[in-house]
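Undergrad: Pasting a structure below so you can have a look.
The values are calculated or read from the model by the stated rules, or taken from the named source; none is laboratory data. Being a predicted model, the structure only gives us computed values, none of them experimental. When we count neighbours, we look across all protein chains shown, and the Cβ atoms used for this are built from the backbone with ideal geometry, even at glycine.
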Amino acid sequence: MNAQVASNSVAVAHATHQTAPTQYVEANGIRFAYRRFGKTGGVPLVFNIHFTGTMDHWDPAVTDGLAQGREVILFNNAGISSTSGEVPESIEEMAANAAAFIKALGLTQVDVLGFSMGGLIAQTLALAEPKLVRRLILVGTGPRSGEAMESLTPEAQDIFGATYAEPDDLWLRVHFSPSDASQAAGRKFLQRFRLRAEGRDPEVNEKVAPAQLAALAKWGAPRENPFDYLHALKQSTLVINGDNDVIIYSINSWFLQQNIPNAQLIIYPDANHGSLYQYPERFVTHVTQFLSESDEQA
């Protein structure tokens, strides 16, 4: 058994975003698809992806960059791509499934990164499992009842409703600002986005978006004192966004930072929703520094 564990650790350490094999684990009656790679031995970093995204919607510059210093775990939540089951119509159920997945891997402590809708899941997971989640990274996301979060923003409705000569060009508008510099960064991202050709996840089916939109509507619905729940988030939290996020408005990141007791906020210039993809090296540096502080305190 020890030899097997050692062998697995070596395999994880030598894998990359492009080469890490898709593995499966059962939990909550769901067969979760996941990939693990990077430097083992510390607290792993679990990634939660955006609306209609799969494991292959992450930027290799981000995942491989962070994997230099820690183990990275990517997964598809219930009903997404290569994971079985149905997509729940609530963020709370999505978070419960994420917790079941993490525990099924035998992990007792993780750091959690959530991007966009994944950030809603990450918040909920951290609140429900305070001993399991050590530190929290929230990117391009927002709080319950945040500004224009009850439905897709008008800009998002226009972007997702348009047709594109190349399907991947959708992401140039979702993640990047209209400036020449941002669009140039976006085209570089699209090249990285398609680097993994073998063993790539299939795109999500037609059932995913309606279920996720229903969950987003419940999350964003107006309520009294909507941000009070954030006061219970005791994990040290890093909030990152672009200065002009039109998918989840940038002001929502400020709401998070103002209401989470131990949170810091970083805003990247001339950036839209995918600030981490526009500035991958900067993002990796900021996240590595943030997580390393906790490693030193452990």
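Undergrad: Can you tell me which of LEU213, LEU190 is hydrophobic (A, V, I, L, M, F, W, C), closer than 21 Å to THR153 by Cα and in a helix (DSSP H, G or I)?
TA: On the way: LEU190 fails: closer than 21 Å to THR153 by Cα.
The unique qualifying residue is LEU213.
Undergrad: OK, next. If you check ILE248 against the conditions, is it of a type in the set (A, V, I, L, M, F, W, C) and not in a loop (DSSP other than H, G, I, E, B)? Before the answer, list the steps.
TA: Details: of a type in the set (A, V, I, L, M, F, W, C): yes; not in a loop (DSSP other than H, G, I, E, B): no.
The answer is no for ILE248.
Undergrad: Scan the strands (runs of 3 or more DSSP E) fully inside segment 1-102 and keep the ones with 3 or more residues being of a type in the set (A, V, I, L, M) and modelled with pLDDT of 95 or more.
TA: Working: elements: 23-27, 30-38, 45-48, 71-75.
Here the list reads 71-75.
Undergrad: One residue is enough: does segment 74-97 have a residue meeting the conditions within 20 Å of THR19 (Cβ to Cβ) and touching a His at 6+ places or on another chain (Cβ under 9 Å)?
TA: Here is the first cut: in segment 74-97, the residues within 20 Å of THR19 (Cβ to Cβ) are 74-76, 81-82.
Filter again for touching a His at 6+ places or on another chain (Cβ under 9 Å), leaving 74.
Yes, segment 74-97 contains at least one residue that is within 20 Å of THR19 (Cβ to Cβ) and touching a His at 6+ places or on another chain (Cβ under 9 Å).
Undergrad: Specify the residue that is nearest to the chain's Cα centre (by Cα); the eligible residues are those in segment 60-118 that are at positive phi and not hydroxyl-bearing (Ser, Thr, Tyr).
TA: Within segment 60-118, the first condition is being at positive phi, and the residues that meet it are 79, 81, 85, 106, 116.
Subset that is not hydroxyl-bearing (Ser, Thr, Tyr): 79, 85, 106.
Numbers: GLY79: 16, GLY85: 20, GLY106: 21 Å.
For segment 60-118, the residue satisfying everything is GLY79.
Undergrad: Could you tell me which of the residues ALA214, ALA185, ALA271, ALA221 is surrounded by 21 or more Cβ atoms within 10 Å (Cβ to Cβ) and either of a type in the set (Val, Ile, Thr) or closer than 20 Å to MET149 by Cβ (or both)?
TA: Working: ALA214 fails: surrounded by 21 or more Cβ atoms within 10 Å (Cβ to Cβ); ALA185 fails: either of a type in the set (Val, Ile, Thr) or closer than 20 Å to MET149 by Cβ (or both); ALA221 fails: surrounded by 21 or more Cβ atoms within 10 Å (Cβ to Cβ).
Going through ALA214, ALA185, ALA271, ALA221 in turn, the sole match is ALA271.
Undergrad: Before we move on, is THR163 hydroxyl-bearing (Ser, Thr, Tyr), crowded, with 18+ Cβ neighbours inside 10 Å and not in a helix (DSSP H, G or I)? First the steps, then the outcome.
TA: Details: hydroxyl-bearing (Ser, Thr, Tyr): yes; crowded, with 18+ Cβ neighbours inside 10 Å: no; not in a helix (DSSP H, G or I): yes.
For THR163, the condition - hydroxyl-bearing (Ser, Thr, Tyr), crowded, with 18+ Cβ neighbours inside 10 Å and not in a helix (DSSP H, G or I) - is not met.
Undergrad: Sticking with this structure for a sec: Would you check if SER182 is more than 30 Å from SER90 (Cβ to Cβ) and assigned to a loop (DSSP other than H, G, I, E, B)?
TA: Details: more than 30 Å from SER90 (Cβ to Cβ): yes; assigned to a loop (DSSP other than H, G, I, E, B): no.
No, not satisfied.
Undergrad: From the list PRO154, PRO130, which residue is within 16 Å of LEU45 (Cα to Cα) and either modelled with pLDDT of 95 or more or surrounded by fewer than 21 Cβ atoms within 10 Å (Cβ to Cβ) (or both)?
TA: Details: PRO154 fails: within 16 Å of LEU45 (Cα to Cα).
Result: PRO130 is the single residue among PRO154, PRO130 that is within 16 Å of LEU45 (Cα to Cα) and either modelled with pLDDT of 95 or more or surrounded by fewer than 21 Cβ atoms within 10 Å (Cβ to Cβ) (or both).
Undergrad: Quick check on this structure: which one of THR63, THR19, THR40 is hydroxyl-bearing (Ser, Thr, Tyr), surrounded by fewer than 23 Cβ atoms within 10 Å (Cβ to Cβ) and under 24 Å from SER236 (Cα atoms)?
TA: Going through THR63, THR19, THR40 in turn, just one is hydroxyl-bearing (Ser, Thr, Tyr), surrounded by fewer than 23 Cβ atoms within 10 Å (Cβ to Cβ) and under 24 Å from SER236 (Cα atoms): THR40.
Undergrad: Just checking, which of PRO261, PRO226 is in a loop (DSSP other than H, G, I, E, B) and without any contact (Cβ under 8 Å) to a residue 40 or more places away in the chain?
TA: Working: PRO226 fails: without any contact (Cβ under 8 Å) to a residue 40 or more places away in the chain.
Answer to the check: PRO261.
Undergrad: Which ones in segment 264-294 are in a helix (DSSP H, G or I), among the polar types (S, T, N, Q) and more than 26 Å from GLY41 (Cβ to Cβ)?
TA: Initial filter on segment 264-294 (in a helix (DSSP H, G or I)): 275-278, 280-294.
Narrowing further to those that are among the polar types (S, T, N, Q): 275, 278, 285, 288-289, 292, 294.
Listed by number, the residues that qualify are SER275, GLN278.
Undergrad: Considering only residues of segment 224-247 that are under 15 Å from TYR268 (Cα atoms) and of a type in the set (Val, Ile, Thr), which is surrounded by the fewest Cβ atoms within 10 Å (Cβ to Cβ)? Spell out how you get there, then give the answer.
TA: Kept after step one, since they are under 15 Å from TYR268 (Cα atoms), are these residues of segment 224-247: 238-246.
Next cut, of a type in the set (Val, Ile, Thr) only: 239-240, 246.
Details: VAL239: 25, ILE240: 27, VAL246: 20.
Among them, the one singled out is VAL246.
One line per residue, one yes/no per condition, for (1) within 20 Å of ILE240 (Cβ to Cβ); (2) of a type in the set (A, V, I, L, M):
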position: ASN77; (1), (2): no, no
position: THR83; (1), (2): no, no
position: PRO88; (1), (2): no, no
position: MET94; (1), (2): no, yes
position: ALA100; (1), (2): no, yes
position: PHE115; (1), (2): yes, no
